[in-house]
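The structure under discussion appears below in the form of structure tokens.
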Amino acid sequence: MLGAILKQLASREGIPEHIREAFREDKKEFGGRGLRVPDMVEILKKAIASLPRVFICIDALDECTAKHRRELLESLQEMVRMSPNIRVYLTGRPHIDDEIVKFFSNALRIPLSPTPGDIKSYLEMRLDRDADPHAMDDELRADIMRIIPEKISEM
């Protein structure tokens, strides 16, 4: 994830020399192991420091493994602390909210929940796109349209 952020920053106006040098030095290591997270964070902080404002948007953070999510949040926290020109936007399911607050205690949180109409529209769209429409009868479709919205509203 950090590598993707760095790539986007570097592609803005070419790759700055300090970033090229970090990759060249890293390739000299045994097996060309690739940059480690602390090295990547340092390079990102330098790249970000020269910019007036940087927005980092990460969608579906909950889909990262817990280990990688923690490491990413720690890295983002360090970058935000060192560079006040960074704005971070994260999306994820509610079960990781406490984890995010641990790293960003002043974070503005906006809970979003689908409406029953949103859920039904989504289900209808997915059922209409079924690759094998003959595998489902009207009764099964009606059960899906009734049960899934009920179960989601109980969450």
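Residues to consider are 80, 88; find the one that is surrounded by 17 or more Cβ atoms within 10 Å (Cβ to Cβ), at pLDDT 90 or above, on the phi < 0 side of the Ramachandran plot and not in a helix (DSSP H, G or I). Before the answer, list the steps.
Details: 80 fails: not in a helix (DSSP H, G or I).
Going through 80, 88 in turn, the sole match is 88.
Could you say which residue among 144, 119 is surrounded by 12 or more Cβ atoms within 10 Å (Cβ to Cβ), touching a residue at least 24 places away in the same chain (Cβ under 8 Å), assigned to a helix (DSSP H, G or I) and not basic (Lys, Arg)? Working first, answer last.
Working: 144 fails: touching a residue at least 24 places away in the same chain (Cβ under 8 Å).
Answer to the check: 119.
Have a look at 99, 74, 63, 78 and point out the one that is under 13 Å from the mean Cα position of the chain (by Cα), closer than 30 Å to residue 3 by Cβ and of a type in the set (Asp, Glu). Working first, answer last.
On the way: 99 fails: under 13 Å from the mean Cα position of the chain (by Cα); 74 fails: under 13 Å from the mean Cα position of the chain (by Cα); 78 fails: under 13 Å from the mean Cα position of the chain (by Cα).
One residue alone meets the criteria, 63.
For residues that are closer than 30 Å to residue 70 by Cα and hydroxyl-bearing (Ser, Thr, Tyr), scanning just segment 97-155, find the one that is modelled with the lowest pLDDT.
By that ranking, first place goes to 153.
If we scan segment 77-87, do we find a residue that is over 19 Å from residue 8 (Cβ atoms) and without any contact (Cβ under 8 Å) to a residue 12 or more places away in the chain?
Yes: segment 77-87 contains one or more residues that are over 19 Å from residue 8 (Cβ atoms) and without any contact (Cβ under 8 Å) to a residue 12 or more places away in the chain.
Can you name every residue in segment 122-131 that is under 12 Å from residue 148 (Cα atoms) and exposed (fewer than 11 other Cβ atoms within 10 Å of the Cβ)? So that I can check it myself, show each step before the final result.
Kept after step one, since they are under 12 Å from residue 148 (Cα atoms), are these residues of segment 122-131: 122-124.
None - no residue of segment 122-131 is under 12 Å from residue 148 (Cα atoms) and exposed (fewer than 11 other Cβ atoms within 10 Å of the Cβ), so the list stays empty.
When you look at residue 124, is it touching a helix residue (DSSP H, G or I) at 6+ places or on another chain (Cβ under 9 Å), assigned by TED's automatic domain parsing to the domain that holds residue 143 and of a type outside the set (Val, Ile, Thr), yes or no?
Spelling it out, residue 124 is indeed touching a helix residue (DSSP H, G or I) at 6+ places or on another chain (Cβ under 9 Å), assigned by TED's automatic domain parsing to the domain that holds residue 143 and of a type outside the set (Val, Ile, Thr).
The values are calculated or read from the model by the stated rules, or taken from the named source; none is laboratory data. Fair warning: this is a prediction, and the values are worked out from it, not measured in the lab. Every residue, glycine as well, gets a Cβ built from its backbone with ideal geometry; the counts of neighbours run over all protein chains shown.
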